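The values are calculated or read from the model by the stated rules, or taken from the named source; none is laboratory data. In this text the structure is predicted, and so the values were computed from the model without any measurement. Backbone-built Cβ (ideal geometry, glycine too); neighbour counts: all protein chains shown. For accessibility, only protein heavy atoms count, side chains too; no ligands or nucleic acids. Shrake-Rupley method; radii C 1.70, N 1.55, O 1.52, S 1.80 Å.
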Amino acid sequence: MTDTSSAAPSRVATKRTVLMCRPDFFNVVYRINPWMDPQLPTDTSLAVTQWEALYRTYLDLGFEVHLIDPIEGLPDMVYAANGGFVIDNIAYGASFTYPERQPEGPAYMDWFRENGFDVRVPENINEGEGDFLLVGEVILAGTGFRSATNSHEELGRIYGREVVTLELTNPSFYHLDTAVAVLDPSAAPGEANIAYLPSAFNEKGLAVLRERFPDAVIVNEEDASVLGLNSFSDGYNVVIASRAKDFERQLRERGYNPIGVDLSELLLGGGGVKCCTLELRR
Ligand code: ARG
């Protein structure tokens, strides 16, 4: 007889709709996070090749993938997650912290408008899904390096959902999506599942995460240091950095199907899988 009591739960994949931006103009010419070093060479065509592998992975998973045209002179536009935050067909626009990325805000808002979303022009500094993650009916919202806490209040007003502020403390994990991965966004209490890096948070944030997600996957420093947490899940398939080996093992144990991709070139800009992906929820 097999003992099923410890078996991993069965996971259910749900088709996702996402927005991506081809890194045709990707480059590292300024430094707004510790990963970026303008002195190091970058290979734009390799970035495109790696990005295309991610794009194909999503298509193979049956995702609906939309593309926004890249703009010359905006090398970070490939990190589509920062372009806004979209739930219930409402697109809350981004207002970037650093002047280098500010023109991306209106560019993404134009795309949302042209594609039938109800656009809300932001009143406060925020970097979209880089710092905001929907888990069940709750929005986890990062602050400390980029998005300002008044944007968390704005979010709550716009979407009528609970917003939980989490303060980030390590400059290498400057966006929430570098420190937390939403694995199973199921709304059922106790079922929603996330992964996170404890050292990226202050005591208060950590207490909140422990209380709300007692069975979260805890990711180690080594996997976090290749932006392993910066992953995208459809509830069963989890697209992760191929170098995040322990995270991969833990995901399998929990009944997920990890799929590794190599975005080493985009890591030079301080981004990974999730950064290149903005979820569109109609
Ligand atoms: N170079 C970009 C920046 O520092 C990387 C953004 C990564 N995006 C993300 N969602 N974490 O703004």
For region 223-282, what does the accessible surface come to per residue with a 1.4 Å probe? Please give it in Å².
29
How much length, in nm to one decimal, is gained on full extension between E222 and S45, taken as 0.36 nm per residue of separation minus their Cα-Cα distance?
61.0 nm
Let me know the charge dipole size of region 194-238 about its Cα centre in debye, to the nearest 20, where only the beta-carbon of Lys, Arg (+1) and Asp, Glu (-1) is charged.
200
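Suppose every Lys and Arg Cβ carries +1 and every Asp and Glu Cβ carries -1, with no other charges. What dipole size does region 137-282 come out with about its Cα centre, to the nearest 20 debye?
180
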Extreme residue, positive dipole direction of the chain, given options N115, P38, N220 (C-beta unit charges)
N220
Dipole magnitude of the chain about its Cα centre (Cβ charges: Lys, Arg +1; Asp, Glu -1), debye to nearest 20:
360
Restricting to the chain, compute how many DSSP beta bridges are antiparallel as a %, nearest 5.
50
Under 24 Å between alpha carbons, and skipping anything fewer than 8 positions from K15 in its own chain: which lysines qualify?
K274
Within the accessible area of region 1-112 (1.4 Å probe), percent carbon and sulfur:
51
Roughly what would the spin-label model give for N89 and N257, points 7 Å off Cα along C-beta, in nm?
3.2
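Tell me, what are the semi-axes, in whole angstrom and largest first, of the equivalent ellipsoid of the chain as set by the roots of 5 times the Cα gyration tensor eigenvalues? Don't skip to the answer; put the middle values down first.
Values: eigenvalues 143, 94, 72 Å².
Working through the eigenvalues yields semi-axes of 27, 22, 19 Å.
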Averaged per residue, what accessible area in Å² does region 49-119 show with a 1.4 Å probe, protein chains only?
39
Nitroxide proxy distance, nm - points 7 Å out along Cα→Cβ at R157 and D69:
3.4
So what are the ³J(HN,Hα) numbers for region 230-235, from phi and the Karplus equation (6.51, -1.76, 1.60; θ = phi - 60°), rounded to whole Hz, Gly and Pro as x?
7, 10, 10, 10, 9, x
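Only helical DSSP H runs with n ≥ 4 go in: add -39500 (n - 2.57) per run for the chain, normalise by residue count and round the 222 nm mean residue ellipticity to 500 deg cm²/dmol. Working shown, then result.
On the way: 7 runs with 66 residues, N = 282.
Only helices count here, giving -6500 deg cm²/dmol.
Which longest uninterrupted range of the chain lacks any GluC sites (Glu not before Pro) assigned by DSSP to a loop state (not H, G, I, E or B) and surrounded by at most 15 other Cβ atoms within 10 Å? Display every interim value, and only then the final one.
Working: sites that count: E72, E123, E137, E162, E191.
Answer from the scan: 192-282.
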